[in-house]
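The values are calculated or read from the model by the stated rules, or taken from the named source; none is laboratory data. For clarity, every value in this text was computed on a predicted model and none was experimentally measured. As a convention, Cβ positions derive from the backbone with ideal geometry for all residues, glycine included, and neighbour counts pool all protein chains shown. What goes into the accessible areas is simple: the full protein's heavy atoms, side chains included, and nothing from ligands, DNA or RNA. Shrake-Rupley method; radii C 1.70, N 1.55, O 1.52, S 1.80 Å.
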2 protein chains.
Amino acid sequence: MGKGSLTKIHVVETALNEAVSSGLGGLSFGTLANATGLSKSGLFAHFSSKEDLQKAVVEKAIALFIANVVAPARRQKAGRDQLTALYSNHLDWIAGKRGLPGCPFVIFVQEFDDHNGDVRNALIMSQKLWRRALASAASVAQQNQQINRQAHPGQIAFELVGAALAFQVSHNLLRDRNTRDQALVAFNQIIN
Amino acid sequence: MGKGSLTKIHVVETALNEAVSSGLGGLSFGTLANATGLSKSGLFAHFSSKEDLQKAVVEKAIALFIANVVAPARRQKAGRDQLTALYSNHLDWIAGKRGLPGCPFVIFVQEFDDHNGDVRNALIMSQKLWRRALASAASVAQQNQQINRQAHPGQIAFELVGAALAFQVSHNLLRDRNTRDQALVAFNQIIN
DNA sequence: GCAGAAACCGACCGATCGTGCGATTACTAA
DNA sequence: TTAGTAATCGCACGATCGGTCGGTTTCTGC
């Protein structure tokens, strides 16, 4: 692994941090060159096009999400504990306490949900993967009688995703500092 | 009211339809000029700057939301019927069946939630107004014993907002055509 | 230490960005 | 009909956009 790989990693991380607030469409080689100290043309040694850059940024975001949200929860016992950890880690991720200053997926999804291609496909995969993780933890919790709710695990995952999205709006737009309580009440409502 | 006002209305509507998919940052006077038949400089007779245009677009979106989602529900009896209508109309709005090809607010919020100014303030006001409408309908439904859930009305509003957001992701990104059922199951879970 | 590859840069391209200005057309009130 | 105003246009500006190309530096394997 040459030094170019390290540079590329650094560039992608910088771009991802920028994209959290400006979105993938807001990325530009010019500003990214300034932010990283590289020249604009130097960036093209690593990314053949803007879409290639966007793809790398999305993949990095997914990797960070798995490392900072999913993986730690997997260390909990399967079932309710794991479901709680997944949800709680997700709230931290949204609040900017895990690896990134905020959750980039919502804006990525909005930008690309009507624009077919690799970026959109990656977003679909990660969303399905996330819901499957929630659903499977919920399913085990049901079998162990750790939660009362008897709905389809996919339904529980759907509602947990929703509660986290509402939390994100409350947190980022309304800047409500007490909204984590609402998100936790919602969690109990969903599993009971 | 001269003919300029009509032109302005037409331009704002065109811009709003474009912004549903591209966001407010994706708007440009060039493409907007082509789409409306006006010249680029002619647009500046109506909007003094890009931010001015964005503000007009957001205000139009809010007006459309009120006219197509809130107002029809207000014709229902206060209480559970009204709450159901608000929620159901919201789902239709998200699915592009009411006045616009989709819901623009999520992408607007993501773009402007860390960028203070008139646009952000308008988005905050409309979000609070919407949650208040949900909460007050829920509160009446509680008093009339039409719903079992005894949580704070604000909590119920929070969860309904979340369910609608999950519905939007399922509908637009995953293109799940059966997700309305999930959204309705979530509704019952929230009010019971 | 030397050759070749990998990494990076400066300069440039056509297009488009947001915006200002002066002229021109279309309407309206007297 | 005419004067005045509202609406719109053509043109141009500096900046930035995504992207290309040829050259220079830096590293690596032999």
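A few notes on this one:
- Projecting 7 Å from Cα along the Cα-to-Cβ direction, the label point of B:Arg75 sits 5.8 nm from its equivalents in the other copies, listed shortest first.
- Its convex hull of Cα atoms gives chain A a direction-averaged projected area, equal to a quarter of the hull surface, of 11.9 nm².
- Given charges at beta-carbon only (K, R positive; D, E negative), |dipole| of region A:1-60 in Debye: 140 debye
- For B:His115, the label point sits 7 Å beyond Cα toward Cβ; its separations from the matching points on the remaining copies run 1.5 nm, from shortest to longest.
- Label-point separation, B:Asn121 to B:Gln150 (7 Å along Cα→Cβ), nm: 4.2 nm
- Remark: mean inter-chain Cβ contacts per residue of B:181-189 equal 4, using a 10 Å Cβ-Cβ cutoff to other protein chain atoms.
- Interface A:B - total buried accessible surface [probe 1.4 Å, Å², rounded to 100]: 3500 Å²
- Low-density loop positions, trypsin sites (Lys or Arg not before Pro), region B:69-104 - DSSP coil, at most 15 other Cβ in 10 Å: B:Arg75, B:Lys77, B:Lys97
- Here the 3J(HN,Hα) profile of region B:108-114, calculated from phi with Karplus coefficients 6.51, -1.76 and 1.60 at θ = phi - 60°, is 4, 4, 5, 6, 10, 6, 10 Hz, Gly and Pro shown as x.
- For region A:94-113 and region A:148-192, distance of Cα centres in Å: 17 Å
- In order along region A:152-157, the Karplus-derived 3J(HN,Hα) couplings, from 6.51 cos²θ - 1.76 cosθ + 1.60 at θ = phi - 60°, round to 3, x, x, 5, 5, 4 Hz, and Gly and Pro are given as x.
- Its Cα centre serving as origin, the protein assembly as shown has a Cβ charge dipole (Lys and Arg +1, Asp and Glu -1) of approximately 560 debye.
- Mean Cβ count within 10 Å, highest first, over the residues of peptides A:140-147, B:54-61: B:54-61, A:140-147
- Computed from point charges on the beta carbon alone (+1 for Lys and Arg, -1 for Asp and Glu), the dipole magnitude for region B:55-191 about its Cα centre is near 440 Debye.
- Considering only B:Cys103, B:Trp93, B:Gln150, the residue lying farthest towards the positive end of the dipole of region B:80-170 is B:Gln150, judged by Cα position with unit charges set on Cβ.
- Kirkwood Rh, Cα atoms: Rg over Rh of the protein assembly as shown: 0.99
- Nearest 10 degrees, 0 to 90: helix B:80-94 Cα axis against chain B principal axis: 40 degrees
- Taken residue by residue and averaged, Cβ atoms of other chains lying within 10 Å of the Cβ of A:154-167 number 6.
- Cα-Cα over 26 Å, subset of A:Lys55/B:Lys97; B:Lys55/B:Lys77; A:Lys97/A:Lys128; A:Lys40/B:Lys55: A:Lys55/B:Lys97; B:Lys55/B:Lys77; A:Lys40/B:Lys55
- Rounded to whole Hz, the Karplus (6.51, -1.76, 1.60) HN-Hα couplings of region B:72-77, x for glycine and proline: x, 5, 5, 7, 7, 5
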